[in-house]
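This report refers to the structure that appears directly beneath it.
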Amino acid sequence: MNWDDFADWSQKAARWGAEYHKTLRDRPVRAQVGPGDTLAQLPDAPPEKGQPLEDIWTDFQDIVMPGITHWQHPRFFAYFNSNAAPASVLAEFLASIVAPQCMLWQTSPSATEMETRMMDWLIQALGLPSTYSGVIQDSASSATLAAVLTMRERALSWAGNQKGLPGQKTLRIYCSDQVHSSIDRAIWVAGIGQENLIKIPTKGPMRAMDTEALQAAITADRAAGYLPAGIIAATGATGMGACDDMAAVADVAERESLYTHLDAAWAGAAMICPEFRPLWAGAERFDSIVFNPHKWLGAQFDCAAHFLRDPDLLRQTLAIRPEYLKTHGAAEVTDYSEWSIPLGRRFRALKLWFLIRTYGLEGLRARIRNHVVWSQALCDRLRAEPDFEIVTDPILSLWTFRVKGADDAATQALVDAINDDGRIYITQTLVDGTKVIRFQAGQFDCIQADFDTAFDTITQIARAS
Ligand SMILES: *Cc1c(COP(=O)(O)O)cnc(C)c1O
């Protein structure tokens, strides 16, 4: 394949891509293949000789596409959406053509400075203080791991990286019982240990961490000789959208001098709308905040925006400067690889630039507001049906429900039947140990009619069984 062939095939791919997106509603949302179906169609051994792109393209259509769950389908109401607005896809295409490696300022100055500016734009868009700095991480999981490592090193006066953890006091980190599994993983990987992640019970309609219990746990741990290092809070946790009271958590953290990290991976995007900001009031007192523009905001996966009150703490934790990574004669530049765990970095800022300029903050806000209104209206419609009950009320566009009187097995059977039907895609979760159906909305191109289809699908299938 030469670059002229590349130009031809790129045009073909672009036309196919536009058609794919325009006809997505005709496809079942969740892939309807079984385990092993795709593998059985892939040759056991790699080819010795190059093959024509026509053949590869045909196989892409015949083998790959049937096994794709359509994340960009307007009726994808499962998990959280991982959007790919066309402007951001275009930017990703350009970034992959130029393919710069953005580890240091000098390895692509415009990528670094674009990243600085895009993070500043997002800080303004979210209403955070201009004193924050930002960096793009590959995922919220990585941002959380970086924050946990910062907690660890700060608490150990930077001895962990040098000496290792044996011989140190046992660290303790606190979060609610609603947090995402990426927090547990960060604790494992940081060598702190699951037993030292203290999960505080939640209370109230927002399922917020009980901050009296939090304070009590910290006090008891100090008395027992542990070393409290940090608190991780959530705005819009994955299961049912739990939101901690940031001001109350920050009060405890400031009293105890603990590092704070806020996981707003999904809900952070909604904070571009001022009316939703009460959900994270007090966030501006947190040391570290992560949200994923690749979820609700519309940036092509992957893109996690990580904001820091004092990036020096993160740099002190992660920066390492062998001679071959030094930038001589440019002391003031930012090398973002010192802010993240991998050294290599893709040019992710470009898609934010394309996205924000193409739609404007108003265009992005309008989508999020519509999703919230349409999702809550669907919730009210189901609530009015005699055979359904709403289990947890909407937090933004996320809520849970079930058929009245259904046991866990019946609820799961309904989820499976709905997803086999294919018109919509939803998932299940546990609320206080009971299986419920989880609904959230946030696909970039969804329209109100998609929510009518959701209502029809859910009620028809539930009543047919
Ligand atoms: C999606 C999500 C994560 C994980 O995000 P990744 O970018 O996939 O690591 C973590 N926390 C919450 C609340 C999420 O919604």
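The values are calculated or read from the model by the stated rules, or taken from the named source; none is laboratory data. Predicted model, so just to flag it, every value in this text is computed and none were measured. With ideal geometry, Cβ positions are generated from the backbone for all residues, glycine too; neighbour counts draw on all protein chains shown. We work out accessible area using only protein heavy atoms, side chains counted, and drop any ligands, DNA or RNA first. Shrake-Rupley method; radii C 1.70, N 1.55, O 1.52, S 1.80 Å.
Key figures
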item	result
Verdict on ASP445 being surrounded by 14 or more Cβ atoms within 10 Å (Cβ to Cβ) and out of contact with any strand residue (DSSP E or B) (no Cβ under 7 Å at 6 or more places or on another chain)	yes
GLU323 vs. criteria surrounded by fewer than 18 Cβ atoms within 10 Å (Cβ to Cβ) and at pLDDT below 95	yes
Among (1) outside any helix (DSSP H, G or I); (2) within 16 Å of the ligand (Cβ to nearest atom); (3) more than 30 Å from MET246 (Cα to Cα); (4) touching a residue at least 24 places away in the same chain (Cβ under 8 Å) - the single one HIS70 does not satisfy	(2)
Residue count for the stretch 153-183, restricted to those that are over 22 Å from ALA248 (Cα atoms), in a helix (DSSP H, G or I) and open to solvent by less than 20 Å² (accessible area, probe 1.4 Å)	3
Among (1) buried (at least 20 other Cβ atoms within 10 Å of the Cβ); (2) within 16 Å of the ligand (Cβ to nearest atom) - the single one SER142 does not satisfy	(1)
Residues (of a type outside the set (S, T, N, Q) and within 16 Å of the ligand (Cβ to nearest atom)) located in the stretch 155-189	ILE173, CYS175, ASP177, VAL179, HIS180, ILE183, ASP184, ARG185, ALA186, ILE187, TRP188, VAL189
In the stretch 112-168, the residues that are touching a strand residue (DSSP E or B) at 6+ places or on another chain (Cβ under 9 Å) and among the small types (Gly, Ala, Ser)	SER133, GLY134, SER139, ALA140, SER141, SER142, ALA143, ALA146, ALA147, ALA155, GLY160
Among the candidates ALA91, ALA111, ALA84, residue that is aliphatic (A, V, I, L, M), surrounded by 17 or more Cβ atoms within 10 Å (Cβ to Cβ) and within 16 Å of the ligand (Cβ to nearest atom)	ALA84
Candidate set from the stretch 19-43 (those that are touching a residue at least 12 places away in the same chain (Cβ under 8 Å) and part of a helix (DSSP H, G or I)); member that is farthest from GLU92 (Cα to Cα)	GLN41
Any pair with Cβ under 8 angstrom, 6 or more apart, that starts in the stretch 132-146 at a residue that is touching a residue at least 60 places away in the same chain (Cβ under 8 Å) and of a type in the set (A, V, I, L, M) and ends at one that is near the ligand (Cβ under 7 Å from one of its atoms) and assigned to a loop (DSSP other than H, G, I, E, B)	ALA140/HIS180; ALA140/ALA265; ALA140/ASN292
Residue list for the stretch 188-214, filter: open to solvent by 40 Å² or more (accessible area, probe 1.4 Å) and within 25 Å of GLY282 (Cα to Cα)	LYS199, PRO201, LYS203, GLY204, PRO205, MET206, ARG207, GLU212
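Each row is one residue, and each column tells you yes or no for (1) in contact with a strand residue (DSSP E or B) (Cβ under 7 Å, 6 or more places away or on another chain); (2) among the hydrophobic types (A, V, I, L, M, F, W, C); (3) under 20 Å from ALA155 (Cα atoms); (4) within 15 Å of the ligand (Cβ to nearest atom).
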{"position": "GLU256", "(1), (2), (3), (4)": "yes, no, yes, no"}
{"position": "HIS261", "(1), (2), (3), (4)": "yes, no, yes, yes"}
{"position": "TRP266", "(1), (2), (3), (4)": "no, yes, no, yes"}
{"position": "GLU284", "(1), (2), (3), (4)": "no, no, no, no"}
{"position": "VAL290", "(1), (2), (3), (4)": "yes, yes, no, yes"}
{"position": "PHE301", "(1), (2), (3), (4)": "no, yes, no, yes"}
{"position": "ALA304", "(1), (2), (3), (4)": "yes, yes, no, yes"}
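Yes or no, residue by residue, for (1) modelled with pLDDT of 95 or more; (2) open to solvent by less than 10 Å² (accessible area, probe 1.4 Å):
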residue: ALA220; (1), (2): yes, no
residue: THR238; (1), (2): no, no
residue: ASP244; (1), (2): yes, yes
residue: ALA253; (1), (2): yes, yes
residue: LEU262; (1), (2): yes, yes
residue: PHE307; (1), (2): yes, yes
